[in-house]
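> Pasting in a structure now, in structure tokens, and then I'll have a few things to ask.
The values are calculated or read from the model by the stated rules, or taken from the named source; none is laboratory data. All of these numbers come straight from a predicted model, not from anything done at the bench. Here Cβ is always computed from backbone atoms with ideal geometry, including for glycine, and neighbour counts include all displayed protein chains.
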Amino acid sequence: MSDDLIQRVLKVIATSKRIPPETVTIDSDFAQLNIDSMDAVEILFALENEFDISIPDDAVRAVRNVRQMCEGIDKLMTDKASGPPAVQ
Amino acid sequence: MVRVAITGAGAICALGRTAAEFAAAISSGRSAIGPIRSTDMSEFRFQNGAEVPDYSHTPYFDDRRADFMDRFAQFAVIAAREAVADAAPAWTPELRENAAIITGSCVGGQSTEDIGFQEVYKHGRNRVHPLTIPKTMANAGASHISMEFGVTGPSFTISTACSSAAHAIGQAYWMVRSGAAPLAITGGSEAPFSFGILKAWEAMRVVSPDTCRPFSKDRHGMILGEGAAMLVLEPLEAARARGAHIHAEIVGFGMSADASHITQPSAEGAARAMRAALRDAALSPEQIGYINAHGTGTLANDISESAAIHAVFGSRVKNLPVSSTKSMHGHALGAAGALECLASIVALRDGILPPTANFNEPDPECDLDVVPNHARAARVEYALSNSFAFGGLNAVLALRAMAY
């Protein structure tokens, strides 16, 4: 997982939630950041645009913190680079 | 205070094209959820909905009249025709002049708008069809009903998302009860199956990838539906005097606002609406024998609604059947409250409690008797019909069986 990817995810979260970038770290969890379900779908929307990927619903249900979110994006980016998108 | 009878009912939705077909379907626990056919779904994460199968404006409207009506307005008039024919009011010039029409709709004719805006945004044209505005306006259903019957009294539309129809019926009930209107045609209609609207629902990540399983531990969200249900309300004594058939009685209406979050439901707000309906009807919780739940099948709604029902009914919950007919007709948004009010009427009238279909597994966080999968024969005197909208605007109707 590259530092560039992590920084882009952190920036998307901060921009979407309209909170100072320094408040979001790889170790933040959503509860600490006061991210509710509607905030979460907005962040997913922004991440899909940022990385030009489609994030399936079942991939996000268990995600509770920024690290899991970065790992999920990393996996989707790897899948995207290695061939046609997986059938959802 | 005037007692208010329901003397006419009409419906069109995925389960059928008349109130009788609707009643037969919910009483047999048949779910009408299946692949969405009216829109190209190849680019969607979900595929299923509850559409009126093979719908065409014929035989209901000639081509020229249909030109002026979005699908949601057509549904409104189709259901209103059936309800009015069923009630067979003793029309006089005075009755037509003073009768009320109150409809609910969430998105109105946005499907027409969606198509019109594709012309300018996608196809690069410089104009949209001139009927886009009159077809899109959410009050078109009420307007077309008024023209259909020459009814010229107070007529308007309420748009409170998923509570629209329940707010509309409640308002109509209060107008008849207070004497402000001698008769009301009321309900809701919706037709949300167009590409842009479906994309907006997809983005919220609340639509189930398979089906709607309210209160089931393995539920994965809601399923959109479409259609309309309309009722005719009139004073009970007047209805009896003219020998009208009475389906059931509306006895109370309660509303509340959560004042908390634009999408997350609040159990406290829902409980306050149920208590308000009981208070308006002068009923105690012990008298309620059935609740038609809002029961969307989303993780959040079903937990919150269960908590609200526990808060209002306490230990009574153990013996209180609660079902969500959205498992069969889908979530018809601004028509939902009307279809579900009709489901409650059917339960009271026919003595058959409709089930929660597609139910697999109890959820400890939804500890209710949800009438799983199979309808239940039960004579119930009083029922509640719950509607809780995005935006935290709640409406609950209290109904009474006519046999009592």
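> Which condition breaks for A:PRO20 when tested against (1) over 12 Å from the mean Cα position of the chain (by Cα); (2) surrounded by 14 or more Cβ atoms within 10 Å (Cβ to Cβ)?
Of everything listed in (1) over 12 Å from the mean Cα position of the chain (by Cα); (2) surrounded by 14 or more Cβ atoms within 10 Å (Cβ to Cβ), A:PRO20 misses just condition (2).
> Counting only residues that are more than 9 Å from every other protein chain (Cβ to nearest Cβ) and β-branched (Val, Ile, Thr), how many does region B:193-224 have?
Within region B:193-224, residues that are more than 9 Å from every other protein chain (Cβ to nearest Cβ) and β-branched (Val, Ile, Thr) number 3.
> In addition: Restricting attention to region B:117-151, which residues are over 19 Å from B:VAL77 (Cβ atoms), touching a helix residue (DSSP H, G or I) at 6+ places or on another chain (Cβ under 8 Å) and assigned to a loop (DSSP other than H, G, I, E, B)?
Passing the criteria: B:ARG125, B:ASN126, B:ARG127, B:VAL128, B:HIS129.
> Which residue pairs have Cβ atoms closer than 9 Å, lie 6 or more positions apart in sequence or on different chains, and pair a first residue in region A:39-58 that is on the phi < 0 side of the Ramachandran plot and without any contact (Cβ under 8 Å) to a residue 12 or more places away in the chain with a second residue that is among the aromatic types (Phe, Trp, Tyr) and part of a loop (DSSP other than H, G, I, E, B)?
Qualifying pairs under 9 Å: A:ASP57/B:PHE46.
> Just to verify a result, which residue in region A:42-56, among those that are of a type in the set (D, E, K, R) and within 12 Å of chain B (Cβ to nearest Cβ), is nearest to B:GLU43 (Cα to Cα)?
That would be A:GLU48.
> Among the residues of region B:363-404, which ones are under 22 Å from B:SER266 (Cα atoms), more than 21 Å from the chain's Cα centre (by Cα) and not in a loop (DSSP other than H, G, I, E, B)?
B:PRO364, B:GLU365, B:CYS366, B:ASP369
> Another one. Got at least one residue in region B:190-204 being surrounded by fewer than 24 Cβ atoms within 10 Å (Cβ to Cβ), part of a loop (DSSP other than H, G, I, E, B) and in contact with a helix residue (DSSP H, G or I) (Cβ under 9 Å, 6 or more places away or on another chain)?
yes
> Just need a number here: residues in region B:1-53 that are within 16 Å of the chain's Cα centre (by Cα), among the β-branched types (Val, Ile, Thr) and surrounded by 23 or more Cβ atoms within 10 Å (Cβ to Cβ).
4
> Is it true that A:ASP39 is modelled with pLDDT under 95, surrounded by 13 or more Cβ atoms within 10 Å (Cβ to Cβ), within 13 Å of chain B (Cβ to nearest Cβ) and out of contact with any Ser or Thr (no Cβ under 6 Å at 6 or more places or on another chain)?
Yes; evaluated as a whole, the condition is true for this residue.
> Checking the conditions here, which among A:ARG61, A:ARG67, A:ARG8 is away from chain B (no Cβ under 14 Å), out of contact with any helix residue (DSSP H, G or I) (no Cβ under 8 Å at 6 or more places or on another chain) and either outside any loop (DSSP other than H, G, I, E, B) or at pLDDT below 90 (or both)?
Every option except A:ARG67 fails the conditions.
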